Every structure is written in structure tokens, then in C-alpha cells.
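*Asks:* Quick one: this structure, given as C-alpha cells, is what I'll be asking you about.
The values are calculated or read from the model by the stated rules, or taken from the named source; none is laboratory data. Everything numeric in this text was worked out from a predicted model, so none of it was measured. Using ideal geometry, Cβ is built from the backbone for each residue, glycine included, and neighbour counts are taken over all protein chains shown. Side chains are part of the model used for accessible areas, which takes the heavy atoms of the whole protein and leaves out ligands, DNA and RNA. Shrake-Rupley method; radii C 1.70, N 1.55, O 1.52, S 1.80 Å.
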Amino acid sequence: MPPARDTASPPPAPPPRPGRTRQAAAFALIAAVCGLSATAFAYTGGWLSPDRLTPARIVDALSDRGGDPIGHRRNHSKGICFLGTFEASGAGTALSTASVLARGSYPVVGRFAIATGDPMAADASGRVRSLAVRIVAPDGQEWRSGMNNSPVFVVATPRAFYEQTVASEVDPATGHPDPKALAHFFATHPESAPFLAWAKTAPWTTSFADQQYNSLNAFRFIDASGASHPVRWSLVPTAAPQVEPVAALAAKGPDFLEQDLKARLARGPLTWHLVATLAAPGDPTDDATKAWPADRPTVDLGTLEVTTAQDEATGACRDINYDPTILPTGIAPSDDPLLAARSAVYANSFDRRTAELARHATAAGSAR
Ligand code: HEM
């Protein structure tokens, strides 16, 4: 006789079908992956930690310093492209295996600029002038570098750069940055003193052509034995400086640097020596606010010859991101924390400006 059924308890659940178990597990996995992706997305976007410094926050701050930077670089926003060549002397090959340092001539696409957030800024308002290069070797390896005419950088860390940028934001009510905010920033950032001393005392000149441009960040040259040599590099002009009071430069008009460049190039090429400075043990490689002693040995790596100027809107430099960490084999970043930040922030600025230009082109096309 079969056992009597206990009518008080529910019938036992049928065992799950193997197909259903697999389906439930697959749904759980998909949900977990979606959840993780959403969390990672929110983290990357900075939504989970609004105080975290992200490339987007830095670029947002850089975009609020006056003028209309849409479609333009978010720093060094006013510039002009150039074409030229780098004539390597071969002297750098003892320090680095980089193919662009082997004796030879390599094409360059570069850009002169003033360090401003406003693409229409008057040239006499730009205390810092810059020169960026992309040198390409026949094997396709590239050396990209953005250099400034100051002897040191204004800050040592990405956080301080952000704070200085926020302090420089233009107040829409006055059209100027709040002088108290900048004064407070510099009062609380003594590391900026060498830069400020340069900014107050360095002579203003009439030209991009007579400026020395400096990498400021340290890098490492790696030689054939694998040994690493900490270096900074500079472009040292062959043109003598023509100094004028800044008021006299302002009176020349808002675009005197571009006019001067084009006039000089109409007479012939402009040249700079690319000079590497070797650190001595103990020289700081992680702090761009600190100059190295002037007696450090140097090596003349070759000559940059600038031959042709191009307007930025149609020039070859427009769509180049002069990310200073794009380096050939044989040259590597140092431990300077600004380098990784520059790479991430320049990429964000590049993505925005190229997307803005593409949207503008699409809108112009559909209006036709
Ligand atoms: C955390 C520190 C820094 C940040 C966040 C920053 C940010 C930027 C950004 C957003 C751009 C525009 C990039 C583009 O859209 O292509 C730019 C351009 C530039 N920066 Fe920096 N920068 C920093 C430090 C430096 C340093 C230490 C130097 C030293 C020389 C420098 C030199 C330049 C130059 C030369 C350009 C113009 C490149 C060109 O002409 O396209 N920057 N910077």
C-alpha cells in the first residue's frame, strides 16, 4: 500500500529543470555585468566621488576662462600651425636609441601658441608662448612635445593646476577673473614663486621666433645598453630677441605674433637648436617648478627648421594632439605626475574640440 499523504503540508516542489537553472544563472550574470559596467562608468565619470579630479573636470575649468573655446584647444587656444624639418645631428644616439635622433632629416608638423583659454585673445595678453612639435621618423615612430617659453612651470601637481585654473575662471559679471582668488592661490602655493618671478621680470619680445621653448617636465633617454638618462630639453633660437614694452606690443594689434611670423618666413626659414640637458644625481625629475642648476651638461641634438606657416583652421596641426607621452622607443616619461595628467587632459580636450568641429561641419552642411 502506498504511504498515506499528509494533507496538512504542501506537495513537494518539483525539482528545477536543468534548462531553467542555466537560464536564471545567465540572467544573473548579465545583471552583474551590467551593474559592474554601470558602476565603472559612474566611477570613471566621477559621479561616485564628485571631489575626484578627472580630466573632464579640468577641461571644464579650462573652458571657462573667457572667449568662446568651442572647437578649439582648451588651453593654448590661440595658435598657428607650421611645417618644417628636424635635422638630427646624431649626437643624441649616445644617450638614446630613438630613431629620430639618428643623423638625418625628419618632417615636422608644429604649432606656435599663446597660453590662453580664448582663441581670440590679444597676443600681448599671453605671457606664456609655446611651440609644439611632432617629429616623424621613417620607421613611423613619433616624438611629440609641447614646450613653453618659461624656464619652469607654474605648479608641480595636477591638483594645483586645477586649483589655479579655477582661480583663473572669468567672472561673467566683470569679464575678468577674481583677483582675490588668484592672489589667494599664489599666497598658498609658494612653489609658484620661481614662475611668478620670471613672469614679472622676463622681457617681452616681438616674435615667436626669438623665444626659447622648454620641455619643463623631465623625461628619460634610454641608451643601447638600457641605461636611463634623466633629461629636459629646450629649443634654443638662433634669432636675437627684439625686446619691446608690452604696451608697444599691444599697440601693434591683437595678432602681431602671427603677422611677425609670416613676415619672417617670407624672408626665409627660422631655426632653433634642440638641446638636451642632463640631470645630475639628485636633480628633481618629478617637479617642473624647480629649475636644474645652470651648469648641467648639454647635448645639441640637432636643428629645427621652420619653413611654412599655416592658418590653424585649415592647417596640418589642427587635428594633432601634442600629447607629451607620445614618444619613440628610446625616450620615456619621467616620474613627473604632470605627464600622465597632461596625456589624459589633452585627450579630453582633443575629443571635445574634434567632436565640436564635426558637429559644426554637419550643421553647416544641413543648412545648405
Ligand atoms: C596638469 C598640467 C597640465 C594640463 C592639465 C594642461 C592642459 C592642456 C590642454 C588641455 C591643452 C590643449 C590640448 C589640445 O586640445 O590639443 C594644452 C596645451 C598645451 N600645453 Fe598643457 N597642460 C599642463 C601642463 C603643461 C606643461 C607642464 C607644459 C610644459 C611645457 C604644457 C605645455 C602645453 C603646450 C605647449 C600646449 C599647446 C600644444 C599645442 O600647440 O597644441 N602644459 N595643455
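*Asks:* Just to confirm my filter: which strands (runs of 3 or more DSSP E) fall fully inside the stretch 270-368 and include at least 1 residues that are within 16 Å of the ligand (Cβ to nearest atom), touching a residue at least 60 places away in the same chain (Cβ under 8 Å) and more than 24 Å from S99 (Cα to Cα)?
*Replies:* Output list reads 298-310.
*Asks:* Which members of the stretch 134-156 meet the condition of being crowded, with 19+ Cβ neighbours inside 10 Å and either outside any strand (DSSP E or B) or among the aromatic types (F, W, Y) (or both)?
*Replies:* Correct list: A137, W143, N149, S150, V152, F153, V154, V155, A156.
*Asks:* Of the numbered conditions (1) of a type in the set (S, T, Y); (2) in a loop (DSSP other than H, G, I, E, B); (3) within 14 Å of the ligand (Cβ to nearest atom), T174 satisfies every one except a single condition; which is it?
*Replies:* For T174, the failing item is (3).
*Asks:* Further question: Report, by residue number, each residue of the stretch 86-122 that is part of a strand (DSSP E or B) and within 16 Å of G146 (Cα to Cα).
*Replies:* Residues satisfying the conditions are F86, V108, V109, G110, R111, F112, A113, I114.
*Asks:* Turning to a different aspect of this structure: Being within 11 Å of the ligand (Cβ to nearest atom) and at positive phi narrows it down to one residue among G117, G71, G90; which is it?
*Replies:* One residue alone meets the criteria, G71.
*Asks:* Criterion first (touching a strand residue (DSSP E or B) at 6+ places or on another chain (Cβ under 6 Å), within 16 Å of the ligand (Cβ to nearest atom), on the phi < 0 side of the Ramachandran plot and charged (D, E, K, R)) does E258 satisfy it?
*Replies:* Yes; evaluated as a whole, the condition is true for this residue.
*Asks:* Which residues, taken from the stretch 259-308, are of a type in the set (D, E, K, R), within 26 Å of F161 (Cα to Cα) and open to solvent by less than 50 Å² (accessible area, probe 1.4 Å)?
*Replies:* Within the stretch 259-308, D283, D287 qualify.
*Asks:* Answer yes or no: is there a residue in the stretch 249-258 that is open to solvent by less than 30 Å² (accessible area, probe 1.4 Å) and within 26 Å of the chain's Cα centre (by Cα). Write out each step before concluding.
*Replies:* From the stretch 249-258, those open to solvent by less than 30 Å² (accessible area, probe 1.4 Å) are 249, 253, 256-257; that's our starting set.
This time we only want the ones that are within 26 Å of the chain's Cα centre (by Cα), so: 256-257.
Yes - at least one qualifying residue is present in the stretch 249-258.
*Asks:* Let me ask something additional. What number of residues within the stretch 231-253 are outside any strand (DSSP E or B) and either in contact with a strand residue (DSSP E or B) (Cβ under 8 Å, 6 or more places away or on another chain) or more than 12 Å from T206 (Cα to Cα) (or both)?
*Replies:* Count: 5.
*Asks:* Among the residues of the stretch 74-84, which ones are in contact with a helix residue (DSSP H, G or I) (Cβ under 7 Å, 6 or more places away or on another chain) and either more than 9 Å from the ligand (Cβ to nearest atom) or of a type in the set (D, E, K, R) (or both)?
*Replies:* Narrowing the stretch 74-84 to residues in contact with a helix residue (DSSP H, G or I) (Cβ under 7 Å, 6 or more places away or on another chain): 74-75, 80.
Passing the criteria: R74, I80.
*Asks:* Condition first: closer than 28 Å to P293 by Cβ, open to solvent by less than 40 Å² (accessible area, probe 1.4 Å) and either part of a helix (DSSP H, G or I) or among the basic types (K, R) (or both). Can you find one or more residues in the stretch 208-217 that meet it?
*Replies:* No; the residues of the stretch 208-217 include none that is closer than 28 Å to P293 by Cβ, open to solvent by less than 40 Å² (accessible area, probe 1.4 Å) and either part of a helix (DSSP H, G or I) or among the basic types (K, R) (or both).
*Asks:* Could you tell me which residue of the stretch 85-112 is surrounded by the fewest Cβ atoms within 10 Å (Cβ to Cβ), considering only residues that are touching a helix residue (DSSP H, G or I) at 6+ places or on another chain (Cβ under 7 Å) and either over 23 Å from I320 (Cα atoms) or free of Cβ contacts under 8 Å to residues at least 24 places away in the same chain (or both)?
*Replies:* A102
*Asks:* Please go through the stretch 157-170 and give me each residue that is open to solvent by 40 Å² or more (accessible area, probe 1.4 Å), in a loop (DSSP other than H, G, I, E, B) and more than 8 Å from the ligand (Cβ to nearest atom), ordered by number.
*Replies:* Answer for the stretch 157-170, where residues must be open to solvent by 40 Å² or more (accessible area, probe 1.4 Å), in a loop (DSSP other than H, G, I, E, B) and more than 8 Å from the ligand (Cβ to nearest atom): just E169.
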